[in-house]
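Reading through the structure tokens given below for one structure.
The values are calculated or read from the model by the stated rules, or taken from the named source; none is laboratory data. Here the structure is a predicted model, which is why all the values come from computation and not from measurement. Positions of Cβ are backbone-derived with ideal geometry, glycine not excepted, and every protein chain shown enters the neighbour counts.
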Amino acid sequence: MTTGSGAAAGRTRPLLLLPLLWALMVGAGLLITGPAATRWPLSAEGDVNAWFAGHRTRPATSVSEWLTLIASTEGVIGVTLVCVVALVVLPRVPRWREAVFLGASVAAQSALFLFITLCVERPRPVVSHLDPAPPTSSFPSGHVGASVALYGGLATLAVTRLRGPWRYVAAAVLLVVPPAVAVSRLYRGMHHPSDVAGGLVNGACTLLVIGYALLAPRERPAPPPAGREGGRPPLPRSAGSTGGGVRGVRRVVVVRHPLACAEKLAQQVRDVLVRHGCTDVRWTSTTAERPCGDLAAYTAAGRVDLVVVCGGDGTVRACADELAGSGTALAVVPCGTGNLLARNLGLPVKPAAALDRALSGDRVRIDVGRVSGDGLAPTRFTVMAGAGFDAVMVRDASPRLKASLGWLAYVVSAVRHLGDPPMRLSIRLDTGDVVPRRARMVVIGNVGALQGGVPLLPDARPDSGRLEVVLLDPSGAVGWLAAAAHLLRGMMSGRSRRPAGTGTRGRRGTTGTTGTPGTTATPRTTPAAGPARRLVARGALEYFSAVRVDIRFAGSQAREVDGDCAVEGTRLVAEVEPGALLVQLPRSLRPAASRPYLRTDPAPTAAPAPAAPGLRCAESPAPADGGQGDRHAGPVAPVRPGRGTPASPAPLGRKP
């Protein structure tokens, strides 16, 4: 059943959108005050302010003064406090959730407004002002944003919590207040039209996020049948099988990133290994020149049963590159910046807990990607490789912000590159034709979810035997908003909704639909092999699926592999190595909210039990863990000769 902490996580996850909203608003503000300032319609904003200043009358000034008062800081705080107290005191049963929703909406909007004004500087309109000009930037309008959060929040409560037809009348009256405040701010010469538009967007988006987090109903899962944990079928056991775990392993090598894994965490890792009976443990630290430490020397010198990786995605990638095809299992202690592999595999976010649960579980096989290009030595990746916007975002992220803000540092870096020009490229999938494209970003993924569960590649699975590709090419602000809305819908629903008329991912033996939007789709079966393609978000996102992807760029582009910056180049070639990597995952693995695909089976014996769908376990219960790595400053490690995909990898489970 759902635990209290799991329910809380489901409630708070939408709040991760607030930093994204801040970044988008800052980007819009920098665009308005920068390259777009001299273009229409922004170039005509001065005429709008001048018109309002030239048509002032005493009655209109009195009305605007009253509207300014109810949207002022003092007015908003006063009304909010009165309403919050009323929601708690007046009803027979205190409306705590509604009170928190209203107060949190106003507070979150105000905080976002202040942080936006710290990054965007815009002077007030050049007309006479009817109010004293505060020291904050003109963009966005704080009065308008606060009025949307407060009066829009009250309208939401009126519609959703009251009864009777008059609730719609009350909501309509409340919803008139924010636009009226917006007009009054223009009339009084305090803001440009784009400032009040920014205030409306800031307030409305904040209200939607807080409302979804606190007021949206949550489906309660049906109680699981007897004998099942969390509604999943019990894991089949063979006669005489002792189950998973790592008892009896002979040698463990721990690869530790010294910055990501502090001494306190290292001691916790030691304690976990001792509890699981691992006594022959060797430690090695990473450096910029040796991103997996002395792992290669240990594996070459003798048998290694388990490699525990304490680091982020970059460290995990370097170790996976060494272990792929070797039969040695990998366990991950996720303590890096992104930890995307661990998130996609559904591992606990606490490093020691992730290792403890994984060591009690089973070995499973997952795919890895193999990437190369001009100046880029062939190497493997477990998460994603890409070029363009994604790569420059990783490259230009401030190390100081990464240390203090974590993955939010990448959001700050991304804002600076929203206006970068698109790349011209050609893409070839498998043995198909070369297709010309234009894109701001290209990402090739083995898994699909970003931080916060944002499904950048919603069809990606680490056991599919294929790679998923996305091209991002938004056209103007509308395109960026369409792409963001599509990803947010996918995050909220836990999966991306496939639009009408699109097929499946092109996986072997899967069934999809064909047709055109607005018509009834007809079933079809995708070919046994071959790429699949679909276009969403008004053409801003284009998805492909293939075994091999060859991308050539018209000019040299920034590239990244699992969050590690690679040298710039004009080509990126990636292909999948199915089932090449053994990882240790918790037996009763509860999938990440947006990746409901991982389920493990115990190791088969002489009389194997029927396997449940999902990732199939390896042939014997050896150790490994799914994990994450950090973004290492060192170069991408080359592929070592003799390491390759197993000649006969264990068959992979398919998603039904």
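Exactly one residue out of D433, D463, D420, D459 is in the same structural domain as R534 (by TED's automatic domain parsing), farther than 30 Å from Q584 by Cβ, touching a residue at least 24 places away in the same chain (Cβ under 8 Å) and charged (D, E, K, R), and it is D420.
When S110 is tested against (1) modelled with pLDDT under 90; (2) within 21 Å of P193 (Cα to Cα), exactly one condition is not met: (1). Can you confirm whether R428 is farther than 30 Å from M25 by Cα and of a type in the set (D, E, K, R)? Spelling it out, R428 is indeed farther than 30 Å from M25 by Cα and of a type in the set (D, E, K, R).
Scanning the range 294-327 for residues that are buried (at least 24 other Cβ atoms within 10 Å of the Cβ) and closer than 22 Å to V274 by Cα yields a total of 7. Applying the criterion of being charged (D, E, K, R) and part of a helix (DSSP H, G or I) to the residues of the range 394-407, the residue that is surrounded by the most Cβ atoms within 10 Å (Cβ to Cβ) is K402.
Failed condition for L418, given (1) in contact with a helix residue (DSSP H, G or I) (Cβ under 6 Å, 6 or more places away or on another chain); (2) of a type in the set (A, V, I, L, M, F, W, C); (3) part of a helix (DSSP H, G or I), with all others met? Among (1) in contact with a helix residue (DSSP H, G or I) (Cβ under 6 Å, 6 or more places away or on another chain); (2) of a type in the set (A, V, I, L, M, F, W, C); (3) part of a helix (DSSP H, G or I), the lone unmet condition for L418 is (3).
In the range 466-493, of all residues being in contact (Cβ under 8 Å) with a residue 40 or more places away in the chain and more than 14 Å from A537 (Cβ to Cβ), the one that is surrounded by the fewest Cβ atoms within 10 Å (Cβ to Cβ) corresponds to M492. All conditions but one from (1) crowded, with 19+ Cβ neighbours inside 10 Å; (2) within 14 Å of the chain's Cα centre (by Cα); (3) over 14 Å from D390 (Cα atoms) apply to A414; the one that does not is (3). Does any residue of the range 260-267 turn out to be buried (at least 24 other Cβ atoms within 10 Å of the Cβ) and either in contact (Cβ under 8 Å) with a residue 60 or more places away in the chain or more than 26 Å from G453 (Cα to Cα) (or both)? Yes, the range 260-267 contains a residue that is buried (at least 24 other Cβ atoms within 10 Å of the Cβ) and either in contact (Cβ under 8 Å) with a residue 60 or more places away in the chain or more than 26 Å from G453 (Cα to Cα) (or both).
R438 falls short on exactly one of the conditions (1) farther than 30 Å from P19 by Cα; (2) of a type in the set (K, R); (3) touching a Lys or Arg at 6+ places or on another chain (Cβ under 7 Å), and that condition is (1). Every condition in (1) at pLDDT below 95; (2) surrounded by fewer than 20 Cβ atoms within 10 Å (Cβ to Cβ); (3) assigned to a helix (DSSP H, G or I) is met by V183 except one, and the failing one is (1). Whether a residue is assigned to a loop (DSSP other than H, G, I, E, B), modelled with pLDDT of 85 or more and buried (at least 20 other Cβ atoms within 10 Å of the Cβ) was assessed, and A391 does not pass this test.
Evaluated against (1) surrounded by 23 or more Cβ atoms within 10 Å (Cβ to Cβ); (2) more than 25 Å from the chain's Cα centre (by Cα); (3) of a type in the set (S, T, N, Q), T570 falls short on exactly one condition, (1). Per the listing L17, L30, the residue uniquely modelled with pLDDT of 90 or more, of a type in the set (A, V, I, L, M, F, W, C), surrounded by 11 or more Cβ atoms within 10 Å (Cβ to Cβ) and not in a loop (DSSP other than H, G, I, E, B) is L30.
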